[in-house]
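Q: Take this structure, written in structure tokens, and hold onto it; I'll ask about it next.
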């Protein structure tokens with residue numbers, strides 16, 4: 001089941017609303033009915049089947065100690081599930097993103113044709 005635009009808009013509003021004092025701007029890219037999440041050009045998670053999943057970097061594991069590991073899709077690596085209660089807490093999302101970004105690989109430059 002593809003993710004809904006309504007859920008994507010809700011997640012983006014929580015990330016991009018009043019919280020990002022660090023100047024981050026979360027964006028998405030639609031891929032096969034789901035959404036990849038970017039901050040500062042780095043992929044940090046995605047929206048899959050109306051679930052917010054983030055990469056299991058050490059900072060995310062520390063801030064989400066009880067998070068369930070779930071597969072975004074068949075054959076993918078497990079990611080950490082962010083609960084609806086955590087999504088509703090924009091300050092928590094800012095803290096999570098601030099902690100995760102330094103641990104994520106730099107964005108790969110796009111190949112020019």
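Q: Hey, among the residues in the range 22-41 that are closer than 19 Å to residue 95 by Cβ and either out of contact with any helix residue (DSSP H, G or I) (no Cβ under 7 Å at 6 or more places or on another chain) or modelled with pLDDT of 95 or more (or both), which one's surrounded by the fewest Cβ atoms within 10 Å (Cβ to Cβ)?
A: 23
Q: Now, a different point. Would you mind stating whether residue 106 is in a loop (DSSP other than H, G, I, E, B) and surrounded by 16 or more Cβ atoms within 10 Å (Cβ to Cβ)?
A: Here the answer is no, as residue 106 does not meet what is asked.
Q: Shifting gears a bit: Does the range 60-83 contain at least one residue that is under 18 Å from residue 10 (Cα atoms) and assigned to a helix (DSSP H, G or I)? Don't jump to the end; show me each part of the working.
A: Step one: of the range 60-83, the residues under 18 Å from residue 10 (Cα atoms) are 81-83.
Okay, now just the ones that are also assigned to a helix (DSSP H, G or I), so none.
Scanning the range 60-83, I find no residue that is under 18 Å from residue 10 (Cα atoms) and assigned to a helix (DSSP H, G or I), so the answer is no.
Q: If residue 44 satisfies all but one of (1) touching a helix residue (DSSP H, G or I) at 6+ places or on another chain (Cβ under 9 Å); (2) in a strand (DSSP E or B); (3) free of Cβ contacts under 8 Å to residues at least 40 places away in the same chain, what's the number of the condition it fails?
A: (3)
Q: Here's a follow-up. Can you give me the number of residues within the range 23-41 that are closer than 12 Å to residue 96 by Cβ and in a loop (DSSP other than H, G, I, E, B)? Spell out how you get there, then give the answer.
A: Initially, the range 23-41 is screened for residues closer than 12 Å to residue 96 by Cβ, giving 24, 26, 37, 39.
Those still in the list that are in a loop (DSSP other than H, G, I, E, B) too: 24.
Residues flagged as closer than 12 Å to residue 96 by Cβ and in a loop (DSSP other than H, G, I, E, B) within the range 23-41 amount to 1.
Q: Looking at (1) more than 10 Å from the chain's Cα centre (by Cα); (2) over 19 Å from residue 2 (Cα atoms); (3) surrounded by 11 or more Cβ atoms within 10 Å (Cβ to Cβ), find the lone condition where residue 97 falls short.
A: (1)
Q: I need a count of the residues in the range 62-82 that are farther than 15 Å from residue 101 by Cβ and out of contact with any strand residue (DSSP E or B) (no Cβ under 6 Å at 6 or more places or on another chain).
A: Quick first cut of the range 62-82, residues farther than 15 Å from residue 101 by Cβ only: 64-82.
Subsequent filtering for residues that are out of contact with any strand residue (DSSP E or B) (no Cβ under 6 Å at 6 or more places or on another chain) retains 65-66, 69, 71, 73-77.
Total satisfying the criteria: 9.
Q: Additional query: Restricting attention to the range 61-80, and to residues there that are surrounded by 18 or more Cβ atoms within 10 Å (Cβ to Cβ) and within 16 Å of residue 36 (Cβ to Cβ), which single residue is farthest from the chain's Cα centre (by Cα)?
A: 72
Q: Kindly provide the set of residues from the range 47-59 that are in contact with a helix residue (DSSP H, G or I) (Cβ under 8 Å, 6 or more places away or on another chain) and either loosely packed, with under 13 Cβ neighbours inside 10 Å or not in a loop (DSSP other than H, G, I, E, B) (or both), ordered by number.
A: 47, 52, 54, 58, 59
The values are calculated or read from the model by the stated rules, or taken from the named source; none is laboratory data. Computed from a predicted model, the values in this text were never measured in an experiment. Glycine gets a Cβ as well: all are built from the backbone with ideal geometry, and neighbour counts include every protein chain shown.
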